[in-house]
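The values are calculated or read from the model by the stated rules, or taken from the named source; none is laboratory data. Keep in mind that what you see is a predicted model, and the values were worked out from it rather than measured. Please note: Cβ atoms are built from the backbone with ideal geometry, for glycine as well, and neighbour counts cover all protein chains shown.
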Amino acid sequence: MLLLDWLYVGVFAVVGLGMAALPLAIVWALAPRAPYPQKRLTYESGVVPFGQAWAQFNVRYYLFGLVFVIFDVEVIYLYPWAIVFQRLGKFAFVEMLIFLVILLLGLAYAWRKGALEWA
Amino acid sequence: MNWGLEIAKAVGLAVVMFTFLAVVGAMFGVLLERKIGGWIQSRLGPKHVGPQGLLQTIADTVKLLQKEHITPRAADVAIFNTAPLIVAVAGLMDWIVIPFGPTLIVRDLNIGVLFFAAMASLTVVGILAGGFASNNKYSLLGGLRSASQMISYELPMAAAFIAVAMQAGTLSTVGIVNAQAQRGWFVLWQFPAFVIFLIAATAEVNRVPFDLPEAESELVAGYFSEYTGMRFALFQLGEYAEMFGMAAMATTLFLGGWRGPLLPPIIWFLLKMYLIVFFLMWMRWTYPRLRLDHLLNLSWKLLLPAGLIWILITGFVITFF
Amino acid sequence: MGELAVFIILSAITLVSAVVVVTSGNIVRSALSLVPTFLGVTGFYILLQAEFVAGIQVLIYAGAITVLILFVIMLTEGGTGLRVRQINEQVPMSILASAALALLLISVFIRAPWPTAKEALPQYTASGIGEALLTNLVLVFEVTSLVLLVALMGAIIIARRER
Amino acid sequence: MQVGLTHYLVLSALLFCLGLYAMLSRRNAVAILMGIELMLNAANINLVAFNKYVAPTALNGQVFALVVITLAACEAGVGLALVMAAYRNLETVHVDEINIMKW
C-alpha cells in the first residue's frame with residue numbers, strides 16, 4: 001500500500017515535469033529566435049547594466065535562514081507528538097511542554113540578540 | 001498487484017489533474033482575479049475576447065506560446081530553464097493529498113499534511129534558483145527577499161498544521177475531514193490556527209499584502225524580472241496552483257472539506273474553496289502592501305509565538321478535558 | 001522485480017546528481033543538484049518503509065538546508081567568485097583515497113552474512129515514531145532540544161557582527 | 001531478485017565516498033559542507049536499511065535517522081556561520097587561503 005501511494009507521487013512528479021516542459025518545447029519550436037546583443041542585456045529599469053550581479057554583503061539573510069532551519073527542525077518532533085499525544089496521556093504533554101519552553105527560549109534569545117531585526 | 005495497470009492509472013490521473021489545474025487554476029483563476037478586481041474597483045474586467053471576456057486567458061496563453069524566449073547574457077541557461085519547472089511542479093504536486101470527496105482523492109498519503117508542507121518548501125528552492133540564474137542584480141535581490149519571506153511564513157503554517165493534526169489525531173487529510181465530522185468544523189475549535197494559516201498562506205503565495213518582492217514599486221519585478229513569455233507563465237502557473245492548493249487545504253483542514261447537508265460532496269468542496277479564493281482575491285484590493293521588515297516582524301514576532309502558544313493551549317485543553 | 005527497477009532508477013538519480021555536486025565547477029550548480037540527491041534518498045526511505053523520515057527529509061534537507069546553503073553562497077560569492085578554480089591540488093590523492101575506501105567497504109558489505117529478521121516493519125511508521133520518541137527515548141527527545149538551543153545561540157554569536 | 005540489505009549498503013558506501021571525495025578535493029568551504037551532508041545522508045540510508053532488514057521490531061533506526069537529520073541541520077547552521085564569519089574577516093571562502101594560523 002505504502003509503495004502504491006508513493007508510486008502515484010513519483011508518477012505525478014514525472015508527468016508534472018513533462019507537462020510543464022511541454023509548453024516550453026512548443027515555444028522552442030514555434031517562437032522566433034532573433035537574439036541581438038541589446039535585447040539580451042539584463043533589464044535594469046532602462047539603465048545600461050553595470051557591475052556584476054552581486055548582492056551587497058549582509059548577514060541578515062543568513063540569520064533568518066539559520067533561525068528558520070533551527071525551528072523547522074523543531075517541527076520534526078512536533079508532528080509525531082501531535083499524532084500520538086492523545087493516546088499517551090499527560091506525561092507526553094509535559095515532555096512536549098519542556099521541549100517547547102526550551103525552544104521558545106531560543107526564539108527569545110534570537111529576538112533579543114537582534115537576529116530577527118531586518119535593519 | 002499489477003504494477004503496469006497502476007502506473008497507467010497514475011499517469012492518466014496525473015494528466016487529468018494537471019489539465020484541470022492548468023485550465024481551472026491558472027487560466028480561470030487569472031480571469032477571476034481580473035474580474036473580481038474590476039468589480040471591486042467598480043470597473044469591468046476583461047470583456048472583449050469572447051462572451052463576457054471568458055476567452056481572455058486562452059487568448060493570453062496562445063500569445064504566450066509564440067513569444068520569443070530571451071535568455072539574458074551570461075545567464076546560467078540550464079538553471080534558468082529548470083527554475084520555473086521546479087516552481088510549477090512543486091505547485092502542482094500539492095494536489096495529490098487534497099480530498100475533493102470521500103473517495104475523490106488522488107492518494108490519501110498517511111503523512112498528507114507533512115507532504116503538503118514539504119512541497120511548499122520546495123518552491124523556495126525554485127525561486128532562489130530563478131533569482132540567481134538570471135544574472136541580474138535586481139532579480140538576485142528579489143529572489144533573496146522573496147525566499148526569506150516565504151521561509152519565514154512556513155513556520156506559522158507548520159504550527160497551524162500541527163494544531164489541527166493534534167485535534168484530529170492523524171496527518172492524513174481524509175482522516176482530518178472525518179475527524180471534523182464528529183467534532184464539528186475546526187474553524188470553530190481552532191479559530192486562531194485558522195487565522196494564522198490564512199495569513200501564512202497569503203504570504204506563502206506572495207499575494208498582496210505580502211507581495212513586496214515583486215511589487216511594481218519595488219525591485220523591478222523581483223525574481224522573475226528576466227523571465228519572458230512561457231517561462232514567466234510557468235511561474236504564474238505554479239503560484240496560482242499553489243494559491244488554489246492553499247485555499248483547498250484551508251477548506252480541508254478548517255471548513256470540513258467535502259461535508260455538507262444536501263449538495264453532493266464535490267460541489268460543497270468547490271464552493272468552500274472558491275469562497276476562500278474570493279477572500280484571497282478580495283484582500284488583494286483592500287490592503288496596502290507591507291514593508292519587508294514589518295512583514296518579517298509580523299511572522300517572527302507575532303505569528304510564530306502565537307502559533308506555538310496555541311499548540312500548547314490545544315494540548316492542555318485536550319489532555320486535561 | 002518492480003522494486004529492483006525502482007531501486008536502480010533511484011540510485012541512478014542519486015549517484016549522478018551526487019557526482020554533479022562533487023565535481024561541478026559552478027558552486028551554485030553543485031548546490032542545486034543537491035536537491036535531486038536528497039529527493040533520490042527520499043525514494044530510498046520509501047522503499048525502506050520509512051514514510052515519515054522521507055517526508056522530513058524533503059521538508060528539512062531539500063527545503064531548509066539547501067536554501068541556507070544557497071543563501072550563504074549568494075552572500076559570500078554571488079557573481080564574483082564563480083570563475084575561480086574550485087578544486088585544490090589534492091585531486092588525484094583524494095580520488096585514490098575515496099576509491100580505496102569504497103572498494104574496502106563494498107568488499108566487506110558483500111561478504112558479510114547480515115542476519116535478516118523475519119518480522120515485518122509496520123506499513124505506516126509516523127505514529128510508531130511518535131510513541132517511540134515519547135515513551136522509551138524521552139532522553140533523546142529532550143537533549144535534542146538542548147542541542148538545538150545551543151546550536152542556535154552559537155551560530156548567532158558567530159555570524160553576527162558584535163555591535 | 002529481491003532488493004536486499006547489501007544493495008542499500010553498497011549504495012550508501014558509494015554515496016559516502018563521493019562525499020569524502022568532495023571534502024578532500026574542494027577549495028570552497030561551502031562545497032566541503034555539502035560533502036558532509038552527502039556523507040550524513042549515506043549514514044542515514046544505512047540506519048533506515050538496518051531498521052527494516054535486521055531489527056524491525058522497534059523503530060529505533062528511524063528515530064536515530066531523525067536525530068541525525070536534526071544534528072546535520074545544526075551542524076550546517078553552525079558551519080555556515082563560521083563560513084560567514086571567515087568571509088567577513090578574511091574576505092575569502094577558500095579554505096587553502098585561510099592560513100593565518102601558519103607563521
Item to check | Residue in the range C:141-163 that is farthest from the chain's Cα centre (by Cα), counting only those that are facing chain D (nearest Cβ under 7 Å) and modelled with pLDDT of 90 or more | outcome: C:Gly154
Next on the checklist: Taking the condition of being hydrophobic (A, V, I, L, M, F, W, C), under 19 Å from C:Leu10 (Cβ atoms) and more than 9 Å from chain B (Cβ to nearest Cβ), how many residues in the range C:40-69 meet it?
Outcome noted: 7
Checklist entry - Which members of the range C:8-39 meet the condition of being under 17 Å from D:Leu18 (Cα atoms), surrounded by fewer than 19 Cβ atoms within 10 Å (Cβ to Cβ) and more than 7 Å from chain D (Cβ to nearest Cβ)? => result C:Ala12, C:Ile13, C:Val16, C:Val20, C:Thr23, C:Ser24, C:Gly25, C:Arg29, C:Pro36
Checklist entry - Out of (1) in contact with a helix residue (DSSP H, G or I) (Cβ under 8 Å, 6 or more places away or on another chain); (2) more than 7 Å from chain C (Cβ to nearest Cβ); (3) not in a helix (DSSP H, G or I), the odd one out for D:Met101 is which? => result (1)
Item to check | Test for B:Arg34: is it part of a helix (DSSP H, G or I) and more than 16 Å from the chain's Cα centre (by Cα) | outcome: yes
Checklist entry - Say we look at the range B:274-321 and pick out the residues that are of a type in the set (Gly, Ala, Ser) and under 24 Å from B:Phe244 (Cα atoms); which of these is modelled with the lowest pLDDT? => result B:Ser299
Checklist outcome for this item: Scanning the range A:108-118 residue by residue, those in contact (Cβ under 8 Å) with a residue 24 or more places away in the chain and at the interface with another protein chain (Cβ under 7 Å from one of its Cβ atoms) turn out to be A:Ala110, A:Ala115, A:Leu116, A:Trp118
Checklist entry - For the range B:112-136, how many residues meet the condition of being in a loop (DSSP other than H, G, I, E, B) and either among the hydroxyl-bearing types (Ser, Thr, Tyr) or more than 26 Å from B:Tyr227 (Cβ to Cβ) (or both)? => result 1
Next on the checklist: Residue under question is B:Leu109, and the condition is that it be crowded, with 24+ Cβ neighbours inside 10 Å, within 20 Å of the chain's Cα centre (by Cα), outside any helix (DSSP H, G or I) and touching a residue at least 40 places away in the same chain (Cβ under 8 Å); does it hold?
Outcome noted: yes
Checklist entry - Among the helices (runs of 4 or more DSSP H) contained in the range B:232-321, which hold 3 or more residues that are touching a helix residue (DSSP H, G or I) at 6+ places or on another chain (Cβ under 6 Å) and away from every other protein chain (no Cβ under 14 Å)? => result B:265-284
Checklist entry - Only one of C:Gly25, C:Gly40 is of a type in the set (Gly, Ala, Ser) and either touching an Asp or Glu at 6+ places or on another chain (Cβ under 8 Å) or at pLDDT 90 or above (or both); which? => result C:Gly40
Item to check | Residue in the range B:22-49 that is farthest from A:Arg33 (Cα to Cα), counting only those that are among the small types (Gly, Ala, Ser) and either within 10 Å of chain A (Cβ to nearest Cβ) or exposed (fewer than 14 other Cβ atoms within 10 Å of the Cβ) (or both) | outcome: B:Ser42
Checklist outcome for this item: Of the listed residues (B:Leu171, B:Leu155), the one being crowded, with 20+ Cβ neighbours inside 10 Å, of a type outside the set (Lys, Arg), in contact with a helix residue (DSSP H, G or I) (Cβ under 9 Å, 6 or more places away or on another chain) and not in a helix (DSSP H, G or I) is B:Leu171
Next on the checklist: Within the range C:79-91, does at least one residue satisfy the condition of being surrounded by fewer than 21 Cβ atoms within 10 Å (Cβ to Cβ), assigned to a helix (DSSP H, G or I) and free of Cβ contacts under 8 Å to residues at least 24 places away in the same chain?
Outcome noted: yes
Checklist outcome for this item: Pairs returned, first residue in the range D:62-85 that is over 30 Å from C:Leu121 (Cβ atoms), second residue that is in a helix (DSSP H, G or I) and among the polar types (S, T, N, Q), beta-carbon separation under 9 angstrom, 6 or more apart or interchain, are D:Val83/C:Thr76; D:Met84/C:Thr76
Next on the checklist: Condition (residue is farther than 24 Å from A:Val67 by Cβ and within 10 Å of chain C (Cβ to nearest Cβ)) applied to the range B:112-124: is it met by at least one residue?
Outcome noted: yes
Checklist entry - Does C:Leu96 satisfy the criteria of being more than 7 Å from every other protein chain (Cβ to nearest Cβ), aliphatic (A, V, I, L, M) and under 21 Å from C:Thr23 (Cβ atoms)? => result yes
Item to check | D:Met39 vs. criteria free of Cβ contacts under 8 Å to residues at least 40 places away in the same chain and under 21 Å from C:Leu105 (Cα atoms) | outcome: yes
